[in-house]
Amino acid sequence: MLGLLAAAGCGDEGPTANADGSPPPVFDAAPRPDATDYDGAVLCGADYSERRDGSNDPFEVANGTVEGTSLTFSSVSVSRSVCGNFRPDQANDAYVDGDFYSFVVAGDNPQDLRVVMSVPDASPADNILLRLYRVDAGTPILIGSARYRRDYAMTVARGLEQGQYWLGAVAEFPARETPLAYTLELTHDYTECAVIEEAPDYTEADDGGGSRGNDTVAIAYPEAPQLTSLGGDSPETTGLTLTPQTPLRLSGQSGLVASAGDNYLDRDAFLITTAADTTELELVLTWADADVDLDVYVFAPGDPPLDHTDSQGVGISDIDDEVAIVNVDPASAYWIWVGAYDTTAQDGATALPMAYDLTLCPRTHGVSPTR
Ligand SMILES: [Ca+2]
Ligand SMILES: [Ca+2]
Ligand SMILES: [Ca+2]
Ligand SMILES: [Ca+2]
């Protein structure tokens, strides 16, 4: 379905350190009227600390440029960290504060990168986003995006080739009264979610002859996902609980049906519950190599505009084997949804109906699974 999102408004690399090693000049914009005058320096013990808040946003700030960190990530890196502040005096029309940092992936071997944002003083009222971009010929391409939920935001990007990348830390409205400190940590992704070959733990059963029995959610881009207007459809009741280190397999069939008005053909929803210690979920959707583009989403039950899959980034693509790693709450119900993207106007989706498998790997976030 969606291709990678090209972001506009990029600028040149920010200033690097002076020859004597001292910090680069600060190009902060003039303070806004009535803005609280915060000290721009951030001291947090990370490998790199934010230095020029007023100009480190190439997207929404005039003459803004990405803040160069000089950080390199390679196969010998243990971890790299960046810290900064969301500052209310940085607010613009789009959001409260956007901080963008560049770093380099080095070496001949592709890197599996896991970026985790922590904001110790965040409250549920804060709207915080984590972004990851690959820079291609000077243009930043969004390859990962995640919303801060409960106590972390995370995006995982595998197989990163050497080159320049950007991190983005964005605080949306409402603005706080005071700055909010955050840390971004880059580590090697250590997880694995192997496709299950054994018999499925649950097989789609309630779609009916017309493949509409379990649709439940419609997605018409760029609108947020919504309940279908079909009436009478409901998610498959799998009865399954997602327990850390216990992968499960769901199987289904994407039927040969026309669109009901949105961007998808057959849509299949499955109701599933997380265990008390499940706080991260990886999903691997597989199907035969043929002319069908399947996508997977994770929604709050009954509330599809609340899409937990916003972290999938590169997972939203037209390549086979969709992979998504999402932040989930413990002991909570979710709707897991598989849809066939409608490419019939381009004479596509010719391989329907198509059987698919969904391997679900639940984890406790931050706890290393056996590899
Ligand atoms: Ca900023
Ligand atoms: Ca900032
Ligand atoms: Ca189906
Ligand atoms: Ca269906």
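The values are calculated or read from the model by the stated rules, or taken from the named source; none is laboratory data. Predicted, not measured: the structure shown is a model, and the values here were computed from it. Cβ: placed from backbone, ideal geometry, glycine included. Neighbour counts: every protein chain shown.
Residues that are of a type in the set (Ser, Thr, Tyr) and part of a loop (DSSP other than H, G, I, E, B) within segment 80-121 comprise just one, TYR95.
Based on this model, can you work out whether PHE59 counts as away from ligand 3 (no atom under 16 Å from the Cβ), under 11 Å from TRP166 (Cβ atoms) and in a loop (DSSP other than H, G, I, E, B)? So PHE59 fits the description; yes.
When we screen PRO124, PRO140 for residues that are away from ligand 2 (no atom under 16 Å from the Cβ), in contact (Cβ under 8 Å) with a residue 12 or more places away in the chain and either part of a strand (DSSP E or B) or loosely packed, with under 15 Cβ neighbours inside 10 Å (or both), the only hit is PRO140. Within the set TYR165, TYR182, the sole residue that is within 16 Å of ligand 1 (Cβ to nearest atom), closer than 30 Å to VAL76 by Cβ and assigned by TED's automatic domain parsing to the domain that holds VAL82 turns out to be TYR182. Whether any residue in segment 284-299 is surrounded by fewer than 20 Cβ atoms within 10 Å (Cβ to Cβ), touching a strand residue (DSSP E or B) at 6+ places or on another chain (Cβ under 7 Å), closer than 19 Å to ASP206 by Cβ and modelled with pLDDT of 95 or more is what I want to check. There is no residue in segment 284-299 that is surrounded by fewer than 20 Cβ atoms within 10 Å (Cβ to Cβ), touching a strand residue (DSSP E or B) at 6+ places or on another chain (Cβ under 7 Å), closer than 19 Å to ASP206 by Cβ and modelled with pLDDT of 95 or more.
The number of residues in segment 351-371 that are of a type in the set (Val, Ile, Thr) and at pLDDT 95 or above comes to 2. Listed conditions (1) at pLDDT below 95; (2) within 19 Å of the chain's Cα centre (by Cα) are all met by ARG176, apart from (2). Taking segment 230-248 as the range and being over 15 Å from ALA269 (Cβ atoms) and modelled with pLDDT under 95 as the test, only GLN245 passes.
So that you can scan it fast, the table gives a plain yes or no per residue for (1) of a type in the set (S, T, N, Q); (2) surrounded by fewer than 14 Cβ atoms within 10 Å (Cβ to Cβ); (3) under 23 Å from VAL115 (Cα atoms); (4) out of contact with any Asp or Glu (no Cβ under 7 Å at 6 or more places or on another chain):
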position: MET154; (1), (2), (3), (4): no, no, yes, yes
position: LEU167; (1), (2), (3), (4): no, no, yes, yes
position: ALA175; (1), (2), (3), (4): no, no, no, yes
position: ILE196; (1), (2), (3), (4): no, no, no, yes
position: ASN214; (1), (2), (3), (4): yes, no, no, no
position: ILE219; (1), (2), (3), (4): no, no, no, no
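Of all the residues in segment 202-229, those that are within 20 Å of the chain's Cα centre (by Cα) and either polar (S, T, N, Q) or not assigned by TED's automatic domain parsing to the domain that holds GLY302 (or both) number 1.
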